[in-house]
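Asker: Here's a structure for you.
Bear in mind that the values in this text are calculations on the coordinates, not laboratory data. Only a predicted model underlies this, so the values are computations on that prediction, with no experimental measurement involved. Cβ sites come from the backbone with ideal geometry, for glycine too, and all protein chains shown count toward neighbours.
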Amino acid sequence: MSLTGPTIAPILLLICSNIFMTFAWYGHLKFENRALWVVVLASWGIAFFEYWFAVPANRIGHQVYSAAELKTMQEVITLVVFAAFSVLYLGEKLTLNHGVGFLLIAGGAWFIFKGPIG
């Protein structure tokens, strides 16, 4: 199984994409003294690079995954990246409530990848 193949490459690209997007959306929270227009422009600039990962991830991934599977993958990756970001960068704590919520979302993802029921 190749890292550049249509099964693994989309996952790696979506991880990169989500790292950029998480910084674009939430990285400015550490810079509360900056003008809003400055952080919006900075976030927009970061998000530009996010697209260079997200679009190829979906283009390549659609060879083997449905659009619903790609979106589900993206959401689960977003939660994992965001959880790490909020703890490591923002210094926030994850609680049991977060864990339960993430498990419920993981359950939903399981149903998407399981295929039709019945």
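Asker: What list of ³J(HN,Hα) values in whole Hz, one per residue of the range 24-32 in order, does the Karplus curve 6.51 cos²θ - 1.76 cosθ + 1.60 (θ = phi - 60°) give from phi, with Gly and Pro shown as x?
Answerer: Values per residue, Gly and Pro as x: 5, 7, 10, x, 5, 5, 7, 10, 5 Hz.
Asker: Related question: Rounded to the nearest 20 Debye, what is the dipole magnitude of the chain about its Cα centre when Lys and Arg each give +1 and Asp and Glu each give -1 at the C-beta?
Answerer: Dipole of the chain, to the nearest 20 debye: 20 debye.
Asker: Using Cβ counts within 10 Å as a stand-in for footprinting exposure, how do 75, 32, 92 rank, fewest first?
Answerer: 32, 92, 75
Asker: In whole angstrom, note down how far apart the Cα centers of the range 66-98 and the range 18-58 are.
Answerer: With the range 66-98 and the range 18-58 each reduced to a Cα centre, they are spaced 16 Å.
Asker: I'd like to compare 59-69, 18-28: which one has the highest average count of other Cβ atoms within 10 Å, and what's the full order after that?
Answerer: 18-28, 59-69
Asker: Per residue of the range 66-78, what does 6.51 cos²θ - 1.76 cosθ + 1.60 with θ = phi - 60° give for ³J(HN,Hα)? Whole Hz please, x for Gly and Pro, Karplus curve as stated.
Answerer: 6, 4, 5, 5, 5, 5, 5, 4, 4, 5, 5, 4, 4
Asker: Between residue 26 and residue 75, what length in nm is gained on full extension when 0.36 nm per residue of separation is reduced by their alpha carbon distance?
Answerer: Gain in length upon complete extension: 16.0 nm.
Asker: On to the next question. Report the label-to-label distance for residue 67 and residue 35 in nanometres (one decimal), using points 7 Å from each Cα along the Cα→Cβ vector.
Answerer: 4.0 nm
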